[in-house]
1. Working only within the range 199-229, note down all residues that are of a type in the set (F, W, Y), open to solvent by 20 Å² or more (accessible area, probe 1.4 Å) and within 20 Å of S26 (Cα to Cα).
2. Suppose the filter is touching a residue at least 40 places away in the same chain (Cβ under 8 Å), under 13 Å from the mean Cα position of the chain (by Cα) and open to solvent by less than 10 Å² (accessible area, probe 1.4 Å); does L172 pass it?
3. Being outside any loop (DSSP other than H, G, I, E, B) and under 11 Å from I61 (Cα atoms) is the filter here; which residues of the range 85-115 pass it?
4. From A92, A2, A70, grab the single residue that is touching a Phe, Trp or Tyr at 6+ places or on another chain (Cβ under 7 Å), surrounded by fewer than 17 Cβ atoms within 10 Å (Cβ to Cβ) and at pLDDT below 95.
5. Can you work out which of the residues in the range 108-141 that are in contact (Cβ under 8 Å) with a residue 24 or more places away in the chain and β-branched (V, I, T) is nearest to V32 (Cα to Cα)?
6. Could you please find all residues in the range 22-61 being over 15 Å from the mean Cα position of the chain (by Cα), in a loop (DSSP other than H, G, I, E, B) and of a type outside the set (D, E, K, R)?
7. Is there a residue being of a type outside the set (D, E) and not in a strand (DSSP E or B) anywhere in the range 62-74?
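The values are calculated or read from the model by the stated rules, or taken from the named source; none is laboratory data. This structure is a prediction, so every number in the text was calculated from the model and none was measured. Quick reminder, even Gly has a Cβ in these numbers, built from the backbone with ideal geometry, and neighbours come from all protein chains shown. These area figures cover heavy atoms from the full protein model, side chains too; ligands, DNA and RNA do not enter into them. Shrake-Rupley method; radii C 1.70, N 1.55, O 1.52, S 1.80 Å.
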Amino acid sequence: MAKVFGYPEFDAQGEEILSTYDNEYSEMLMDVRVYRMAPGTTREFGRVGEECAVLLLSGKITFAWEDQTAECSRESVFTEGPYTVHASTGIAIKVTAEADTEILVQYTKNDTEFGAKLYVPDECPWKWSAVGKFGNVAKRRVNTIFDKVIQPGSNMVLGEVLNDKGNWSGYLPHRHPQPELYYFRFDRPEGFGASFVGDDVFKSVDNSFSAIPGGKLHPQAVAPGFSMYTTWMIRHLPGDPWLQESRFNDAAYEWLNDVDEDYFK
């Protein structure tokens, strides 16, 4: 049986493996890894037959792709928006670290060609969700870096969520047919939360991830006193891409949408 939660570690070369096409999290249908880079080091990404997205988590880097370059910096995922280069099959993305840096790299199989693009914070604004609902304990900020509407040629989705202290996300409990991977960071090293995958519950901690098979319910919560950051990554299915309307709330909890907010006091 495939695993649905992980606590990865960086190796001596600064690579941390989350899901691959043939490891215990292969149901994600994505190759997702995180890298730590020292100043002056360079890594190159891009494979034939796969699309690739490189997301800056923290640090200062120079991106180089095709005939373009861009200097990008991000002090923290909790204070600044994302910089991401997304490219189709065979296009090389070079990353040179100008300071201590962490990046997340997302691949999936895709032969479709589309233009490479740098997404910057102004194009991926944080938007509040569930404000004033459920006693206001499910409000969070969400950005979508790219999805099927933004890049029709892509086979995957990339976005971020910020949870306020003690709040929920993915609420009401919901599901969709496409697999999804959540990568968690906390604003303090001792921060923690709860990650639900179907009927199973896992302790989410800094640098952990949840690998959610298609069709499983997956709400999340963060403990009071801590803010939680999540990179959310979805793999489209053939003929069934994830769209905003692909999210289906569990019918058992739909009544919560209809009650007066006084109910939660």
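1. Just the residues of the range 199-229 that are of a type in the set (F, W, Y), to begin with: 202, 209, 226, 229.
Still in the list and also open to solvent by 20 Å² or more (accessible area, probe 1.4 Å): 202, 226.
Residue satisfying the conditions is F202 alone.
2. No: the conditions fail for L172.
3. K94, V95, T96, A97, T101, E102, I103, listed by residue number.
4. Numbers: A92 fails: at pLDDT below 95; A70 fails: at pLDDT below 95.
Exactly one residue qualifies, and that residue is A2.
5. T108
6. N23, Y25, A38, P39, G40, T41, G46, V48, G49, listed by residue number.
7. No; the residues of the range 62-74 include none that is of a type outside the set (D, E) and not in a strand (DSSP E or B).
One line per residue, one yes/no per condition, for (1) out of contact with any Ser or Thr (no Cβ under 9 Å at 6 or more places or on another chain); (2) modelled with pLDDT under 95:
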residue: D187; (1), (2): no, no
residue: V197; (1), (2): no, no
residue: D200; (1), (2): yes, no
residue: T230; (1), (2): no, no
residue: A252; (1), (2): yes, no
residue: F264; (1), (2): yes, yes
